[in-house]
Amino acid sequence: MFEWTTSTILFASAVGAFVGFVSGIFGVGGGFLLVPILNAVLGVPMPIAVGSAACYSLGPATTAMLARKPGAGYFEMTMILGGGLLAGVMSGSWAVGYFGDASAIHLAGASIPAAEFWVLSCYLVLMLVIAGGSLWDVLRSGKGTIQRRGLLAFAPVPPIARIPDLRPSVYSIPLLALTGLIVGFLSGFLGMSGGLILVPASIYLLGMRAQDATTLTVVMVWVVALQSTFMHAYHVHVHLRLTLSLLICGTIGAAIGSQAGLRLTGRKLKTLFGSLVLLAAAIVAIRLVWLIMGARQQ
């Protein structure tokens, strides 16, 4: 059960610093690490963990964006995705509240809170897929240079947007809007600012380089974090004292991480990113097993 104590404050501050550092390096908001840690270690109820993580992500995202100084093309791409992102975030935030009020899930003779089961299960599947794809790409790149063309380039559905500041510079607006909708829903539902999905999506769907994908993700993470903060605050899913404890050290960690990330090569970024996502998947898997075993013993 979650209790607000001095040890909770210190632990939350340390976690915020680590997650902020990770956010700065990879351009992700850190929610994919923060939500499982808050729920599994501190016992924060899942709706509150999701809402507080979404609110926290706004601080490191702002710091990382200021450190990278993105050009106008990155903001233009974010505007195209913005409508889908907003609709997705609203839907995902509503889904968290719905499952939070729903009855428990009965599995293997155990009664598990519906919100925890569905959010953690989605986290586990998503992270295993993303980590596997990232590490597999690293192994392939070791055999020579990969000439990648984004998957969306094979379906140029009009109307088409041309953004000279980005490479590639031609994108299908309907497909980008659909991508924004999916990312927004997962962000609102899982409490992450979308970086976990946006980094691989920018590389494999849009065909961008790892560094450019990270910069684009930093901008979009900031937009999604802002939207998610308002939506979860509306649903009263934000614990202000917990969020402030995370933000104080998290913003500093993000500034340091952003400078470190600029010095890493694309291959190193993918390797570290995939390994980190696997670590988060292990935390989620342990939490799910613990929930089932604990419920069966009651």
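Each reported figure results from applying straightforward, stated rules to the coordinates on display, with no laboratory input. From a predicted model like this one, the values you see are computed outputs, not experimental measurements. Glycine gets a Cβ as well: all are built from the backbone with ideal geometry, and neighbour counts include every protein chain shown.
Can you show me the helix-derived [θ] at 222 nm for the chain, built from DSSP H runs with n ≥ 4 at -39,500 (n - 2.57) apiece and divided by the number of residues, rounded to the nearest 500.
Numbers: 11 runs with 218 residues, N = 298.
When only DSSP H runs of four or more count, the value is -25000 deg cm²/dmol.
For the stretch 6-297, what is the relative contact order in percent, using Cα pairs closer than 8 Å and at least 6 residues apart in sequence?
42 percent.
Under a crude label model (7 Å from the Cα following the beta-carbon direction), how far is R162 from L278 in nanometres?
About 4.4 nm separates the two model spin labels.
Using the Cβ atoms and a cut-off under 15 Å, what net charge is assigned to the surroundings of P70, where Lys and Arg are +1 and Asp and Glu are -1?
Charge balance near P70 sits at +1.
Please compute the Kirkwood hydrodynamic radius over the stretch 213-252, one decimal place, Å, based on all pairs of different Cα atoms.
11.4 Å
Find which of V129, L206, V15 sits farthest along the positive direction of the dipole of the chain, computed with +1 on the beta-carbon of Lys and Arg, -1 on that of Asp and Glu, about the Cα centre.
L206
How long is the stretch 244-295 along each principal axis, judged by its Cα atoms, biggest number first, in Å?
Taking the Cα atoms of the stretch 244-295, the three principal extents are 46, 33, 6 Å.
In which sequence would L246, L42 go, from the one with the fewest C-beta neighbours within 10 Å to the one with the most?
Ordered from fewest to most neighbouring Cβ atoms within 10 Å, L246, L42 come out as L42, L246.
Just name one of A72, L85, V224: the one whose Cα is farthest towards the positive end of the charge dipole of the chain (beta-carbon charges, Lys/Arg +1, Asp/Glu -1).
A72
Principal axis lengths of the chain from Cα atoms, whole Å, largest first?
Principal-axis extents of the Cα atoms in the chain, largest first: 58, 41, 36 Å.
Once the dipole of the chain is set up with Lys and Arg at +1 and Asp and Glu at -1 on Cβ about the Cα centre, which of M293, A115, V138 lies farthest towards its positive end?
Value computed over the given set: V138.
Treating the beta-carbon of each Lys and Arg as +1 and of each Asp and Glu as -1, no other charges, what is the dipole magnitude of the chain about its Cα centre, to the nearest 20 debye? Display every interim value, and only then the final one.
Values: 16 positive and 7 negative charges, 201 e Å.
For the chain, the charge dipole is close to 960 debye.
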